[in-house]
Amino acid sequence: MKYRKTAFAAVGAVMTAACVGVSALISPLRVSSARYPVFGVDVSHYQGDIDWSVLEEQGVRFAFIKATEGSGHVDESVRDNIELSAETSIKRSCYHFFSFDSPGSTQADNFISAVGRDEIDMPPVVDIEYYADKSSNKPSQAEAKEILTPLLEKLEAHYGTKPIIYTTIPVYLRYIRESYGDYPLWIRCTYIEPECMDWVFWQYDDSQKLMGYSGEEECIDLNVFNGTEAEFAAMFP
């Protein structure tokens, strides 16, 4: 997706602050279902056993399922979540948690070995965000690009579509905006609507609860698609 360059100079700092660290000042968002009618979730083993039909009954239209992390880790619930979600009408994809510490090619291999081409309805996702000490010891743009580019290219070659990039505002501004602006964007921002970029999916809340899961994490991430029901159906038939 193309981003709008002109808006960032004026609001980049405000958005970064709002989306990263002022939860004490701003209430969590309540997103309009009229404006964003297509609603979804993202899950991992932290949600435990999931009753996908119950999620479907609550209006969940799409789901992103954690599959892998780095070059060796596979989420313990990925197989159950892929197979059980397939019994519903929920459109699904899987995501890979990006590592700054291992080669992109082997990270792609890890994901490919865990998720078959015909097991997802939407493009695969690469989740790139800071972890451990990366926020205070940020890898350079060149270091990130050396890993991220081969990962994205290998996934695109295998699945036949550009992967979606999930990220936060600070990581987007540092690593994604300039070099990967033509990739579909799934943005996390829980305290302000991300109006200054073109996004396909928006993770707007991580503090709500739904029925239908029983893991150690009581909350579930909530997301919306940036478009109408008809546009969603056309993009992900």
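Expressed in Å, the radius of gyration and Dmax of the Cα atoms of segment 48-179 are 15.2, 45.
Computed on the Cα trace of segment 146-237, the radius of gyration divided by the Kirkwood hydrodynamic radius gives Rg/Rh = 1.00.
Extension gain, Thr228-Ala86: 0.36 nm per intervening residue step, less the Cα-Cα distance, totals 48.8 nm.
Taking the Cα atoms of segment 7-235, the ratio Rg/Rh between the radius of gyration and the Kirkwood radius comes to 0.94.
Note down the relative contact order for the chain as a percent, whole number, built from C-alpha pairs under 8 angstrom at least six residues apart. For the chain, the relative contact order is 28 percent. The slack in the chain from Glu143 to Ser33, taken as 0.36 nm per residue of separation less the alpha-carbon distance, amounts to 35.6 nm.
Under the simplified labelling scheme, the Arg117-His73 pair shows an inter-label distance of 2.9 nm, with each label point 7 Å from Cα along Cα→Cβ.
Rg/Rh for segment 71-115 stands at 1.04; both radii use Cα atoms, and Rh follows the Kirkwood definition.
What is the mean projected area of the alpha carbon convex hull for segment 93-171, to one decimal in square nanometres? The number I arrive at for segment 93-171 is 5.0 nm². Take each peptide in 151-161, 116-126, 87-97, 58-68, count the other Cβ atoms within 10 Å of every residue, and average; sorted highest first, the result is 58-68, 87-97, 116-126, 151-161. The count of lysine pairs in the chain whose Cα atoms are under 25 Å apart, excluding pairs fewer than 8 places apart on the same chain, comes to 23.
FYI, it's all coordinate maths here, none of it is from the lab. Being a predicted model, the structure only gives us computed values, none of them experimental. Quick reminder, even Gly has a Cβ in these numbers, built from the backbone with ideal geometry, and neighbours come from all protein chains shown.
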